[in-house]
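Please treat every number below as a calculation from the coordinates, not as lab data. As the structure is a prediction and not an experimental result, all values here were calculated from the model. Neighbour counts are summed over all protein chains in view; Cβ atoms, including those assigned to glycine, are modelled from backbone coordinates with ideal geometry.
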Amino acid sequence: MEGMRRAVLFEVRRVTSVGSTWILLGLIFLVGLATSLNQLRGETSAADFPLGAVNHLTAGGVVAAAVGASAIGAELRWNTLRALYTAFPRRTDIVLAKVGVVVVLLVALSIVCTVVDTVVTSVAAGGTGFDGAWFGLGTRSALVLVCWGVIGFSVAALTRSQVAGFLVPVAVAYIVEIGLLSIFPSNTLASVLPFINASEATSVGIPAVEAFERAAVFGGWAVVLLVAAVVVLRRRDA
């Protein structure tokens with residue numbers, strides 16, 4: 001426990017001292033806010049109220065992958081993993097601390113974005129609609145944002161490249177999966193692809209049970225990649 005506590009404190013100090021992390025988090029917030037403000041210009045009805053819970057995902061997932069990749073990017077870029085492992089002999093402690101801090105930051109950001117964007121959307125919609133649908137969307141948007149971050153971290157760790165931690169998830173989400181479904185149109189295939197499920201999980205109007213099932217698929221991919229990353233980081237020679 002003492003080792004984990006030290007690792008968490010170390011990672012908190014590291015994150016709070018790196019300006020790029022705050023810039024990326026701010027970008028997620030600002031893009032979501034801009035999307036919500038844009039609703040003031042169009043025809044927005046009360047049925048659009050739940051959008052306030054997901055507007056920050058307009059660019060949030062992509063940027064969250066960059067946040068996750070950056071959590072281990074400095075060590076990869078400057079080849080300082082060996083020094084880090086010397087300071088924290090239990091490698092699992094520092095790896096999980098890094099992931100844990102990313103998760104907390106993204107959950108907190110998602111909550112803030114959901115609240116702020118919902119206020120703006122309620123003005124555009126001319127009323128509020130706090131119900132199970134809105135709460136479910138807010139919960140799933142936080143989960144999806146976190147999973148993007150975890151996937152970014154995991155891919156960076158597995159490939160030993162911060163750039164890959166950002167580019168690989170983006171390429172899979174916007175090129176590979178779409179290409180696969182274009183060549184092999186299949187509901188069965190779509191049901192197992194991570195980023196297709198992430199998109200469906202945060203779509204307005206989808207039944208709650210199905211939406212959470214979609215989110216669970218995306219979460220499952222994130223967990224599998226994280227486990228692989230932890231195993232590799234524990235065994236790989238720094």
task: Add +1 for every Lys or Arg and -1 for every Asp or Glu among the other residues with Cβ under 11 Å from the Cβ of ALA190, and state the total.
output: -1
message: From the helices alone, meaning DSSP H stretches of at least four residues, give me the mean residue ellipticity at 222 nm for the chain, per-run term -39500 (n - 2.57), in deg cm²/dmol to the nearest 500.
response: -25500 deg cm²/dmol
- prompt: Whole-Hz Karplus ³J(HN,Hα) for the range 223-231, in order, using 6.51 cos²θ - 1.76 cosθ + 1.60 and θ = phi - 60°, x for Gly and Pro?
  reply: 5, 4, 5, 5, 4, 4, 5, 4, 4
field: Net dipole in debye of the chain [+1 Lys, Arg Cβ; -1 Asp, Glu Cβ; about Cα centre; nearest 20]
entry: 1180 debye
field: Using alpha-carbon coordinates, inclination of helix 57-77 to the longest axis of the chain, degrees
entry: 10 degrees
task: Determine Rg/Rh for the chain; Rg is computed over alpha-carbon atoms and Rh is the Kirkwood hydrodynamic estimate from the same atoms.
output: 1.01
